[in-house]
Amino acid sequence: MAAVTGLVAPREGRPVLGGTFFVLVPSLANGAPVALPARSPRPLARQLRRLDPQATYLTPPQLRAALDAGARLTGRVWTGSAPASAALLTRVKEAGAQEAWGVYALTELFPAAAVEQAEKAAFTGGGDLVGTPLPGVTAKPGPTGELLLSGPAARDRYLGEDPDPWIATGDRAHLDGGRIVLEGRCKDMVLRRAENIYPGLYEPALHVPGVDLALLVGVPAADGDERLVAVVQPHRDADPARVRAALAAPLRRMGTARPDAVLLGDIPLSGRSSKPDRAAAARWAAARLDGSGR
């Protein structure tokens, strides 16, 4: 409660828009009325205009849809539950928000870290910067590079297991001046020509202007190896030729992790939070490539 209240900083009497614990509980506890977000983009855009909320929490897919519908944003805007690129947070501020924040959290430890658009946009290293651990949260890479977290809000134990202060997140990460930089999910590693490639290290660089989402997925090849494929979802109004031209420089910088193919299309989503579905994206890519990976 202390962590989320310190982040959201709700003021009594002014509306807050959001349907998650992150904004619901601290806002109501501090006397701020909360509205649940409309389900469709156009009504959501009208709702934002009518309420003029001091704080808003929407998932990245909700934000993209609302922005495409012409939504104007106010106050602090928070997003999480799925990857939030610097490009998306920049769009949020361009739409009127005073601050645009990405939140990194797990069911087992909520919240863990947060980063504002200006800091994320200024980050030029490899991987996805998700911010400085929140007060009381300790982060460290494990022996295999997996991110381990601990803190007062962490789960005590899993059913049938002994208590353990450290949570294995399933994310590869490194620390940059104390800040958490994700390198991708451990299970999403692609093995190509005996080289381990972690998509999360390179995907942020593919979010060039005109790109809403980008994934690197492995597609089985006829020789038993894997082909690395970039699946890129352009903004609905983007010119595909301009998007491909903008991708040229970051693709060159990827060196030995450069993908064998780049496909433009809509990335499948899944789950309550509408996260990018890597398995479905890999199947989609495989259906569009021949055996050579062309």
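Things to note:
- Filtered residues of the range 17-39 (kept if of a type outside the set (Gly, Ala, Ser), touching a Gly at 6+ places or on another chain (Cβ under 8 Å) and without any contact (Cβ under 8 Å) to a residue 24 or more places away in the chain): LEU24, PRO33, VAL34, LEU36
- When residues of the range 233-269 are limited to those that are in a strand (DSSP E or B) and open to solvent by less than 40 Å² (accessible area, probe 1.4 Å), the one farthest from SER85 (Cα to Cα): ALA261
- Members of the range 219-232 that are in a strand (DSSP E or B) and either open to solvent by less than 20 Å² (accessible area, probe 1.4 Å) or touching a Gly at 6+ places or on another chain (Cβ under 9 Å) (or both): VAL219, GLU226, ARG227, LEU228, VAL229, ALA230, VAL231, VAL232
- Consider the range 270-294 and keep the residues that are charged (D, E, K, R) and assigned to a helix (DSSP H, G or I). The one that is farthest from GLU195 (Cα to Cα) is ARG288.
- Selection status of ALA87, assigned to a helix (DSSP H, G or I) and closer than 19 Å to ALA121 by Cα: yes
- Options ARG49, ARG42, ARG14: the member that is touching a residue at least 12 places away in the same chain (Cβ under 8 Å), part of a loop (DSSP other than H, G, I, E, B) and either among the charged types (D, E, K, R) or open to solvent by 60 Å² or more (accessible area, probe 1.4 Å) (or both): ARG14
- Of residues in the range 105-138 being open to solvent by 20 Å² or more (accessible area, probe 1.4 Å) and in a strand (DSSP E or B), the one farthest from TYR158 (Cα to Cα): GLU116
- Of all the residues in the range 176-218, those that are in a strand (DSSP E or B) and surrounded by fewer than 21 Cβ atoms within 10 Å (Cβ to Cβ) number 8.
- ALA173 vs. criteria open to solvent by less than 30 Å² (accessible area, probe 1.4 Å), of a type in the set (A, V, I, L, M, F, W, C), touching a residue at least 12 places away in the same chain (Cβ under 8 Å) and closer than 22 Å to ILE267 by Cα: no
The values are calculated or read from the model by the stated rules, or taken from the named source; none is laboratory data. Source: prediction; values computed, not measured. Glycine gets a Cβ as well: all are built from the backbone with ideal geometry, and neighbour counts include every protein chain shown. To get the accessible areas, we keep the full protein, side chains included, count just its heavy atoms, and leave off ligands, DNA and RNA. Shrake-Rupley method; radii C 1.70, N 1.55, O 1.52, S 1.80 Å.
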